[in-house]
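Enquirer: Please see the structure below; I have some questions.
The values are calculated or read from the model by the stated rules, or taken from the named source; none is laboratory data. Since we're looking at a predicted model, the values are computed, not measured. When we count neighbours, we look across all protein chains shown, and the Cβ atoms used for this are built from the backbone with ideal geometry, even at glycine.
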Amino acid sequence: MTDGEKMLKLAESRIGEKYVNVCVPKNNKNWHGPWDCAEFMSWLVYQVGGILYGCVDDNGNPATVEAYTGAWKSDSQKLGKRVPWRQAASTVGGILLRYPPGPGMMGHIVVCDGEGGTVEAMGTAYGVRRGKVSGRNWDTGVLLPNFTYGAAGGALDLAEPSQLYALGQPNMKASVIRDIQRALKELGFNPGPIDGEYNDLTVAAVAAFQATKGLIVDGQVGPQTAKRLKIEL
């Protein structure tokens, strides 16, 4: 069994467990949650490979060091190995990463089954569950250094990522941003002026809304958050 297959199998054994933004002891093989997405992935890496990866200090104490999608971004750049997201999606145990949109904010990370599916700690409303790669926004694929993987499968029928509304994202429609801002204001959140500008106040309001709904708290509006806001992207 390859290391990628071991990671996927171990991830599947945690399906149904709870999600909380918490530090997970990476060296505790009997840990059964709660999890957050980066802690879940770094725990899998430590259990399979005995290394810290995606942590704020990869030389730290595995019992107490925190994992973070921003650290995954940094490690994938410095230590490798970044691959196209479609390649990771078609590799058993391949990892897909969405970068944090800003300092102190959350991205997202999942492990792939090689057939277009994922296992991921998805948010407090969902816990650890199976998901799908298709139609979501990913910044890169990651294959871990010194891990073994099977050959990537054939090309998967994956939809291109949907429009994402986020700080600094290109090609956003001002009319949709105003819809986002109005929906947030009506729900009691403060997105700032209804001006069609996706600014820091709007990001903070989106993140606060996501937290109340048990979604991934990243301050970005994709399909799941839009559905909860009852708007069309």
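Enquirer: Quick one: which of Leu201, Leu184, Leu233 is at pLDDT below 90 and either touching a helix residue (DSSP H, G or I) at 6+ places or on another chain (Cβ under 8 Å) or closer than 23 Å to Gly104 by Cβ (or both)? Steps first, please.
Expert: Details: Leu201 fails: at pLDDT below 90; Leu184 fails: at pLDDT below 90.
Within the list Leu201, Leu184, Leu233, the selection yields Leu233.
Enquirer: Please go through the range 98-114 and pick out each residue that is in a strand (DSSP E or B), among the aliphatic types (A, V, I, L, M) and either closer than 13 Å to Ile216 by Cβ or at pLDDT below 90 (or both). Don't jump to the end; show me each part of the working.
Expert: From the range 98-114, those in a strand (DSSP E or B) are 98, 108-112; that's our starting set.
The next check asks that each one be among the aliphatic types (A, V, I, L, M); those that pass are 109-111.
Across the range 98-114, the qualifying residues are Ile109, Val110.
Enquirer: Does Thr118 meet the test of being touching a helix residue (DSSP H, G or I) at 6+ places or on another chain (Cβ under 6 Å), under 29 Å from Lys213 (Cβ atoms), at pLDDT 95 or above and not assigned by TED's automatic domain parsing to the domain that holds Ala208?
Expert: Working: touching a helix residue (DSSP H, G or I) at 6+ places or on another chain (Cβ under 6 Å): no; under 29 Å from Lys213 (Cβ atoms): yes; at pLDDT 95 or above: yes; not assigned by TED's automatic domain parsing to the domain that holds Ala208: yes.
Criteria not met by Thr118.
Enquirer: Take Ala88 and decide whether it is surrounded by fewer than 20 Cβ atoms within 10 Å (Cβ to Cβ) and at pLDDT 95 or above. First the steps, then the outcome.
Expert: Working: surrounded by fewer than 20 Cβ atoms within 10 Å (Cβ to Cβ): no; at pLDDT 95 or above: yes.
Considered against the rule, which asks whether it is surrounded by fewer than 20 Cβ atoms within 10 Å (Cβ to Cβ) and at pLDDT 95 or above, Ala88 comes out as no.
Enquirer: Hey, could you check the range 27-50 for residues that are without any contact (Cβ under 8 Å) to a residue 24 or more places away in the chain and under 13 Å from Leu144 (Cα atoms) and say which is surrounded by the most Cβ atoms within 10 Å (Cβ to Cβ)?
Expert: Restricting to residues being without any contact (Cβ under 8 Å) to a residue 24 or more places away in the chain and under 13 Å from Leu144 (Cα atoms), the top hit is Tyr46.
Enquirer: Let me ask you something else. State whether the residues of the range 52-62 include one that is touching a Gly at 6+ places or on another chain (Cβ under 8 Å), part of a loop (DSSP other than H, G, I, E, B), β-branched (Val, Ile, Thr) and under 30 Å from Leu164 (Cα atoms). Talk me through it step by step, then tell me what you get.
Expert: Start the filter on the range 52-62 by keeping residues that are touching a Gly at 6+ places or on another chain (Cβ under 8 Å), which leaves 52.
Pick out the ones that are also part of a loop (DSSP other than H, G, I, E, B) and you get 52.
Now restrict to residues that are β-branched (Val, Ile, Thr): none.
No, the range 52-62 has no match at all.
Enquirer: Filtering the range 147-172 down to residues that are within 19 Å of Lys227 (Cβ to Cβ) and either assigned by TED's automatic domain parsing to the domain that holds Val133 or among the aliphatic types (A, V, I, L, M) (or both), which residue is modelled with the highest pLDDT?
Expert: Met172
Enquirer: Quickly run through the range 162-214 and pick out the residues that are of a type in the set (D, E, K, R), touching a residue at least 40 places away in the same chain (Cβ under 8 Å) and touching a Gly at 6+ places or on another chain (Cβ under 7 Å). Quick ask: steps written out before the conclusion?
Expert: Taking the range 162-214 and keeping what is of a type in the set (D, E, K, R), we get 173, 178-179, 182, 185-186, 195, 197, 200, 213.
Checking the rest, the ones that are also touching a residue at least 40 places away in the same chain (Cβ under 8 Å) come to 179, 213.
Those that are of a type in the set (D, E, K, R), touching a residue at least 40 places away in the same chain (Cβ under 8 Å) and touching a Gly at 6+ places or on another chain (Cβ under 7 Å): none in the range 162-214.
Enquirer: On to the next question. Among the residues of the range 46-87, write down those that are in contact with a Ser or Thr (Cβ under 9 Å, 6 or more places away or on another chain) and on the phi > 0 side of the Ramachandran plot.
Expert: Listed by number, the list holds a single entry, Gly54.
Enquirer: Output the residues belonging to the range 176-214 that are surrounded by fewer than 15 Cβ atoms within 10 Å (Cβ to Cβ) and either among the acidic types (Asp, Glu) or in the same structural domain as Pro103 (by TED's automatic domain parsing) (or both).
Expert: Across the range 176-214, the qualifying residues are Glu186, Asp195, Asp200.
Enquirer: Next up: Go through the range 120-143 residue by residue and tally those that are touching a Leu at 6+ places or on another chain (Cβ under 7 Å) and aliphatic (A, V, I, L, M). Please lay out each step first, then the result.
Expert: Of the range 120-143, the ones touching a Leu at 6+ places or on another chain (Cβ under 7 Å) are 123, 125, 133-134, 137-142.
Applying the additional criterion that residues be aliphatic (A, V, I, L, M) yields 125, 133, 142.
Number of matching residues: 3.
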